[in-house]
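The structure appears below as structure tokens.
What follows draws every value from the coordinates through simple rules; no lab data is involved. None of these values were measured; they are calculated from a predicted model. Reconstructed Cβ throughout: ideal geometry from the backbone, glycine too, with neighbour counts over all protein chains shown.
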Amino acid sequence: MSAEIAKTLIEAAREAARNAHAPYSNFAVGAALLMTDGSIVTGTNFENASYGLSLCAETVAAARANAEGKLREIVAVGIVGGMMRGGIAHGSDPIRPCGRCRQVLNEAAQMGGRDLAVYCAGAEGDAYETHRLSDLLPHAFGPADLGIGG
Ligand code: THU
């Protein structure tokens, strides 16, 4: 069951990564969020010529879920990434969410009152890792500390 979910999310994240705007790093990232209703919300990295303004794929996906009124409904996340050559992302080493994205995902997790499954993969291949957000960001500070959510 969870293997099926992982594969579906990784596939959706890879599809999203095709739309990465990453002309500076040439590193394409895709994220796919599974919602309680079974729908999937995706995001991809969105870089900027003013480099520090760049947005990560996971953050874009979470903001997109929020814009759809579904911030509390995220149950699992698939994340993929790889260096682009010839406009296509390569590599099978799994990537894990950056620190900022872990904190952004924690906002959704605590607002929804549930831990998130996080499936991490590379741009190609069958290998993936399964994590819990609470393991990737232990002792998190979040909305619960401010008496909000969950
Ligand atoms: N990136 C993400 O989209 N998510 C992460 O968790 C790590 C990094 C993006 C940011 C930048 O566009 C590129 O990958 C290289 O750092």
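General remarks:
- Relative contact order for the chain, counting Cα pairs under 8 Å that sit 6 or more residues apart, in percent: 20
- Packing-based exposure ordering (other Cβ within 10 Å, fewest first) of R64, R96: R96, R64
- Simple spin-label estimate for N19 and E124 gives 2.4 nm between the two label positions (7 Å along the Cα-to-Cβ direction from each Cα).
- With the simple spin-label model, which puts each label point 7 Å out from Cα in the Cβ direction, the Q103 to N26 separation comes to 3.1 nm.
- A simple spin-label model places pseudo-atoms 7 Å from Cα toward Cβ; at D93 and Y51 they are separated by 1.9 nm.
- Residue among P23, P138, P97 with the largest mean-square fluctuation in a Gaussian network model of the chain, springs linking Cα atoms under 10 Å: P138
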